[in-house]
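Engineer: Dumping the structure here so I can ask a few things about it.
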Amino acid sequence: MMAATVNGSLRRVSPGWIYLAGLIPLAWIVWLGLSNGLGVDPVKEIEHRLGKVALWFLMGGLAITPARRFFGLNLIRYRRAIGLIAFFYLCLHLTAWVVLDMTLLWEQALRDLVKRPYLYLGLTGFAALIPLALTSNNASVRKLGRNWRRLHWLVYPAVGFGVIHYLMQMKVVTAEGWAWAAAFTALMVARVAARVFPTRR
Ligand code: HEM
């Protein structure tokens, strides 16, 4: 009942609005930057905030299929926008590290990579998302056919690497960190459950 109401109201909300709404966290970070609201280490704060926004969108994208299966919420037409916004924030997250943190000193960046293995994991997750972002357009969906779904399966390991990267960059894993890990695990269980107990159509 509730799901039907939400689905009905969403009929008027085009995915374009999601792209626009996706810019709000960025605007907020820029605003904080301009108003001295980023604390004593603004570079770290920007890096962290961008990573966290990306994580929200990545997990939100993964939650769309289970939301339909378990709650009848139909948000499928927003999935591409959510995925692309996540990718956009990851590009900014990576750029913040290269430009603001490493100040484009490539040797230092390489040393940082060797010193902090969680950076490899982040990079691996990011790299796995590149082909997905590149094939998110309608032409690629048509051209790839069944292989499109196979390719987009990569989103699970990619987000998995992202979550491990997030946990590893903490000195001690916080309750929030465990909550993200639990949420990711729950989404994966939902995915496996959908495979094992397919719904009748
Ligand atoms: C799927 C890919 C990725 C995800 C989901 C992700 C997410 C995150 C999150 C959530 C944080 C911590 C935010 C917080 O504590 O509030 C973080 C920190 C960080 N990430 Fe990523 N990230 C990814 C890829 C990358 C890549 C490719 C790089 C650069 C090579 C990178 C560099 C960093 C750095 C430098 C930090 C801060 C670590 C510190 O403070 O010591 N991340 N990331």
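Engineer: Based on the Cβ-Cβ distance from residue 30 to residue 106, what FRET efficiency comes out when R0 is 30 Å, to the nearest 0.05?
Structural biologist: Details: r = 27 Å, r/R0 = 0.89.
E(calc), rounded to 0.05, equals 0.65.
Engineer: Determine how large the accessible area of residue 176 is when every protein chain is in place; take a 1.4 Å probe and give Å² rounded to the nearest 10.
Structural biologist: Its heavy atoms expose roughly 90 Å² to the probe.
Engineer: Taking the dipole about the Cα centre of the range 13-196, with the C-beta of Lys and Arg at +1 and of Asp and Glu at -1, give me whichever of 98, 187, 86 is farthest to the positive side.
Structural biologist: 187
Engineer: Between residue 115 and residue 195, what is the spin-label point distance in nm, taking each point 7 Å from the Cα along the Cα→C-beta axis?
Structural biologist: Rounded to a tenth, the inter-label distance reads 4.0 nm.
Engineer: Please get the size of the charge dipole for the chain, origin at its Cα centre, with Cβ charges of +1 on Lys and Arg and -1 on Asp and Glu, quoted in debye to the nearest 20. Show your work: numbers first, answer last.
Structural biologist: Values: 23 positive and 7 negative charges, 292 e Å.
It comes to approximately 1400 debye.
Engineer: Whenever you get a sec, compute what percent of the accessible area on the chain sits on carbon and sulfur atoms (1.4 Å probe). Let's see the in-between values first.
Structural biologist: Numbers: 8950 of 12900 Å².
It is 69 percent, rounded to a whole number.
Engineer: Could you order peptides 64-71, 20-27 by the average number of other Cβ atoms within 10 Å of their residues, highest first? Could the numbers behind the result be given before it?
Structural biologist: Values: 64-71: 15.5, 20-27: 13.2.
Put in order of decreasing packing, that is 64-71, 20-27.
Engineer: Compute the distance in nm between two label points, each set 7 Å from the Cα along the Cα-to-Cβ direction, one at residue 144 and one at residue 20.
Structural biologist: About 2.9 nm separates the two model spin labels.
Engineer: Still on this structure: Along each of the three principal axes of the Cα atoms of the range 13-196, give the extent in whole Å, ordering the values from largest to smallest.
Structural biologist: 46, 36, 33
Engineer: Calculate for the chain the 222 nm mean residue ellipticity that helices alone would give, adding -39,500 (n - 2.57) per DSSP H run of length 4 or more and normalising by residue count, nearest 500 deg cm²/dmol. List each step's numbers first, then the result.
Structural biologist: Details: 11 runs with 152 residues, N = 201.
Taking each H run of at least 4 residues, the total per residue is -24500 deg cm²/dmol.
Engineer: Let me know the number of lysine pairs in the chain closer than 18 Å at the Cα, not counting same-chain pairs under 8 apart. Kindly include the intermediate steps, with their values, before the conclusion.
Structural biologist: Details: 44/52; 44/115; 44/171; 52/171; 115/171.
Qualifying lysine pairs in the chain: 5.
The values are calculated or read from the model by the stated rules, or taken from the named source; none is laboratory data. Since the structure is predicted, the reported quantities are computational estimates derived from the model, not experimental observations. So basically every Cβ, Gly included, is an ideal-geometry build from the backbone, and we count neighbours across all protein chains shown. We work out accessible area using only protein heavy atoms, side chains counted, and drop any ligands, DNA or RNA first. Shrake-Rupley method; radii C 1.70, N 1.55, O 1.52, S 1.80 Å.
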